[in-house]
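Take a look at the structure set out below.
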Amino acid sequence: MRRPHIPMLAQISVAHLVSHVYIMAIPALLPLLPDALGVTFVELGAAVSLFNVMSATCQIPMGFIVDRFGARRVLVLGIGTGTASFFLLSLFPSYVGLLVAAGVLGASNAVYHPSDYAILSRSMRETIMGKAFSVHSFAGYGGSAATPFLMVSIATLFSISGAFFAAGTLGTIVLAMFFLAGPEKNVPVEPAPPQAPAGAPKGNMAVFTLPVLVLTGLYVLLSLSTASIERFSVSALMEGYGVTLPLANTALTAFLICSAVGVLSGGELADRTRRHGFVAAVAFGVAAVLTVVVALGDLPPLLLVVLFALIGFLTGVIVPSRDMLVRAASPKGGEGKTFGVVSSGFNIGGTIGPLLCGYFLDHGLPSFVFWATVAFMVLTVLVTWAQESRRGCEPERAGSRG
């Protein structure tokens, strides 16, 4: 039987969408889980933390596994493992089952970034690489945005188990797509041997270079900047600025929608320049100024929503440029390891941010949520500008990519 043709970008983007659905599935049901499982929010918080700890722990090793055994194989295995976790959780909806599922999901989540970016880096034409990264990221944003509504709706109409079963069914559909389509001819089934630039460390140490470590720190800062707004801006606006819940939610929705639009726009921009660090620095610099305006408070409702929309757009624009910076720092054939290392920064930021913002809110300092965001954005500007300036001063090295 002739296999259906499904472009590789479509396959990887759908896989990325599923990864974000799986990230959001349990948090989306937090309001319903205490009654359903007979647990406290602290216990549920432990399950969410376990997910992040497992993902952070496995992210770097998974990058090496991707480059050793092949990105597509590891990606399919990760989707299958996460899918099985949701099916088992639907059959055994208990707190112990939730902890086991959260741990397994965290480990399988570590597969996606190293695998996705390794495949895209080896299969997309150089002239459209930025657009490919933007489509991939946009799919993830879409999965995050749709999951709360879908999971809560299914759980309300049917049951918690039904919602988990639906998540597993989605993964099954995507697995079927991968098996039916098969690997594309221009994507190597076997991993490419890593080729480090001249003078760089050899072997597995080739990814532990100063640029890669700096980019890992950049990912931590990006996570701290955007996650503070995504998770705590509504509470901060209500407690510190007298903003109503509908208005605060409208502002956050504007931020999320415009972030997704910004990601697509950033892909076109990333393909038109090699100075991706300057793009990120300028966008985050303007976003920091706008966040200062929000932090000062006492804004008309329409202006508040517009500012959130602009901040969301600017933080979305830099996503493809961010990915291009990582790709440029990757040794050829070692994209999986490199993206595994830098993506661990997301998990580090995802662990620190909630604790910091929770501290501010618990101690009556809601405006500090925004001021901390400004501080992280300013640090992001300094890091990206310094990184790009350093690259601009270096001669082009053999084997490097811009």
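The values are calculated or read from the model by the stated rules, or taken from the named source; none is laboratory data. Worth saying up front: this structure is predicted, and the values here are computed from it rather than measured. In this analysis, Cβ positions are derived from the backbone assuming ideal geometry, glycine residues included, and neighbour counts consider all displayed protein chains. In case anyone asks, the SASA skips ligands and DNA or RNA and just uses the protein heavy atoms, side chains included. Shrake-Rupley method; radii C 1.70, N 1.55, O 1.52, S 1.80 Å.
For the reader, a short list of remarks on this structure follows.
- Test result for Ala145, at negative phi, in a helix (DSSP H, G or I) and open to solvent by less than 50 Å² (accessible area, probe 1.4 Å): no
- Cys258, sole failed condition from (1) modelled with pLDDT under 75; (2) in contact with a Leu (Cβ under 8 Å, 6 or more places away or on another chain): (1)
- Which numbered condition Ala47 misses (of (1) modelled with pLDDT of 80 or more; (2) open to solvent by 10 Å² or more (accessible area, probe 1.4 Å)): (2)
- For the stretch 264-274, a tally of residues being crowded, with 17+ Cβ neighbours inside 10 Å and of a type outside the set (Gly, Ala, Ser) returns 3.
- Any hit, the stretch 105-116, residues being farther than 27 Å from Ser161 by Cβ and either open to solvent by 30 Å² or more (accessible area, probe 1.4 Å) or among the hydrophobic types (A, V, I, L, M, F, W, C) (or both): yes
- Identity of the residue in the stretch 261-304, outside any helix (DSSP H, G or I) and either free of Cβ contacts under 8 Å to residues at least 24 places away in the same chain or not small (Gly, Ala, Ser) (or both), that ends up nearest to Ala132 (Cα to Cα): Arg272
- Verdict on Phe87 being within 23 Å of Val326 (Cβ to Cβ) and either aromatic (Phe, Trp, Tyr) or open to solvent by less than 30 Å² (accessible area, probe 1.4 Å) (or both): no
- Flag for Glu239 being open to solvent by 30 Å² or more (accessible area, probe 1.4 Å), within 30 Å of Phe133 (Cα to Cα) and acidic (Asp, Glu): no
- Residue match in the stretch 195-218 (condition: modelled with pLDDT under 75, touching a strand residue (DSSP E or B) at 6+ places or on another chain (Cβ under 9 Å) and surrounded by fewer than 17 Cβ atoms within 10 Å (Cβ to Cβ)): yes
- Val326 vs. criteria over 19 Å from Val234 (Cα atoms), assigned to a helix (DSSP H, G or I) and in contact with a Leu (Cβ under 6 Å, 6 or more places away or on another chain): yes
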